[in-house]
Structure formats: C-alpha cells, structure tokens
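Before any comments, here is the structure.
Coordinate-derived values only; no laboratory data. Because the structure is predicted, anything quoted here is derived from the model rather than measured. Quick reminder, even Gly has a Cβ in these numbers, built from the backbone with ideal geometry, and neighbours come from all protein chains shown.
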Amino acid sequence: MIIETERLILRPFLEMDAADVYEYLKEPQVNCFACMKLNSLDEAREEMKKRLGETEHYFAVTLKDGGKVIGEIGAYPETGEPHGDDNAVPDTFSPCWMLNENYQGKGYAFEAAQAFFDYLFSQKGARRIYAYTEDYNLSSRRLCEKLGMRREGMFLEFISFVKNPDGTPRYENTLQYAILKKEWDRQQLGTYI
Ligand SMILES: CC(C)(COP(=O)(O)OP(=O)(O)OC[C@H]1O[C@@H](n2cnc3c(N)ncnc32)[C@H](O)[C@@H]1OP(=O)(O)O)[C@@H](O)C(=O)NCCC(=O)NCCS
C-alpha cells in the first residue's frame, strides 16, 4: 500500500531504509519509544528485515522530493471493547508516530497523520482511533488536537518506560485522545463547505 500526500509518500519499509531510520532511532526522543532504540547500523538493517512483510499497517514517511525516510507512522487493528469476545470486531487503532528531529515543525507529521487516518477510516474499517501521549509531550498533544481528536482523560502515573537513577520505575502521566469515524467524516465534510 502506498499513500500519497502533497509532499510525502507513505510506503512500506525497505532494506535500504536502514541508515535513515538509524538516524532517528539511535536516540529515541521520548521515553515511550526507548525500547525501539537502535544501537548500530547493523541493528537498523536487522530491524528493516523484520519490517519487510508489513505492507498495510506500518509505513515509512518519505519525502516526495528525494525519497528520504524522515519518520514512521503505523497502527494495528485492535478489538476496542474491553470485554469483547472472539467475535469482537478489530475496528480500533492506536497510532504510533515519530519524525526525525530535523524534519519536525514543518507540518509533515500532520500531513502524514491526516492521510493515514483517512486510510484507516476509509479502507481499514476503523471505527475509533485513539492515541496515548505523555502529558509533557506537547508536540504530540498538539498533533492530536490538530487532527480533531477529543481529549478523553488523563491517567496519572499510568505507565513506566524507564527507571529513575535509584532503579525504581519512573511513572508517566498519560493523556488519551480519540476520534470516531463519524466525527472524522463530519470534520472532513466541514473542510469542504
Ligand atoms: C509528535 C511529532 C510527530 C509531531 O511532529 P511535528 O513536526 O511537531 O508536527 P507537525 O507536522 O504538525 O508540525 C508542527 C508545526 O509545523 C509547522 N507547519 C505546519 N504546516 C506547515 C507547512 N505546510 N510548512 C511549514 N511548516 C508547517 C507549524 O508551525 C506547526 O505547528 P502549529 O500547527 O502548532 O503551528 C514529533 O514531535 C515527533 O516525532 N516527536 C517524537 C516522537 C513522539 O513524541 N511521538 C509520539 C509519542 S506519543
């Protein structure tokens, strides 16, 4: 699957993307991606091999002009209902988004996320998209809000990704944002009026 926007192409990862991905994953900017850290270009090459079969849910964000991989965006289908049985429909998605620091603040994340949400709602059966973001992650919060996601709540000391210097878990306060397909459709209609 390939998703095209004005300035970007979202496409599956390729082996040749290792160097570009290493550039932003050698030092993940936020704690929630600490486990994605790549320690060498070789590790990046191995990571690209693992990503090769994924063609529908996880994409490299590339510049149309030159083809550089400047980040990634993806989300896998989940059954949203907490008590859903085996027949529960996987109609809920929670995106992961991340850009190379050198390409932030240029509207690329919004452009990619808007097209990705459109794809999930129109082609992948999404009914609800939700995002978790740490309270101090202002750029991610701003992105959720620009996409028209509602702030649904704040979970205090919800999760720990890293440890404090004394070895105890460092818990993060997490905000949840979400948007339903009907809200997205209404919002898109509004943009054409
Ligand atoms: C979260 C993240 C993807 C957001 O990226 P971003 O570049 O800040 O987001 P945007 O693409 O919306 O760009 C923001 C700014 O670009 C500028 N911009 C918008 N459109 C533009 C355009 N067409 N041309 C130039 N600049 C533009 C604006 O100043 C905009 O800010 P504003 O709308 O608040 O005024 C990025 O900060 C990141 O990768 N963070 C690290 C990973 C992370 O935290 N992921 C989320 C974990 S929960």
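Go ahead and set up a Gaussian network model of the chain, Cα springs under 10 Å, then flag whichever of A75, A34, A60 fluctuates most.
Checking each option, the largest mean-square fluctuation is seen for A34.
Would you calculate, for the chain, the mean residue ellipticity at 222 nm contributed by helices, counting each DSSP H stretch of 4 or more residues as -39,500 (n - 2.57) and dividing by all residues, to the nearest 500?
-9000 deg cm²/dmol
Roughly how large, in nm² to one decimal, is the mean projection of the convex hull of the alpha-carbon atoms in the range 3-192? Spell out each step's value before the answer.
On the way: hull surface 49.5 nm².
Computed as one quarter of the Cα hull surface, the answer is 12.4 nm².
Distance between Cα centroids, the range 58-91 to the range 115-178: provide it in whole Å.
Centre-to-centre (Cα) distance: 14 Å.
Ignoring the sites themselves, what is the longest stretch of the chain with no GluC sites (Glu not before Pro) in a DSSP loop and at most 15 other beta-carbon atoms within 10 Å? If you can, show how the numbers build up before the last one.
Working: sites that count: E6, E54, E56.
Result for the longest clean stretch: 57-193.
Taking a 22 Å limit on the Cα-Cα distance, which of the listed pairs K146/K181; K37/K68; K26/K163; K50/K106; K50/K181; K64/K124 fall beyond it?
Working: K146/K181 16 Å; K37/K68 20 Å; K26/K163 19 Å; K50/K106 30 Å; K50/K181 31 Å; K64/K124 24 Å.
Pairs exceeding 22 Å: K50/K106; K50/K181; K64/K124.
Near K182, within a Cβ-to-Cβ distance under 13 Å, what is the net charge of the other residues, with Lys and Arg +1 and Asp and Glu -1? Mind showing how you got there, number by number?
Values: positive: R127, R128, R150, K181, R186; negative: D91, E183, D185.
Every neighbour counted, the sum reads +2.
Between Y24, Y103, Y119, find the one with the highest GNM mean-square fluctuation for the chain; connect C-alpha pairs within less than 10 Å.
Ranking Y24, Y103, Y119 by mean-square fluctuation puts Y103 first.
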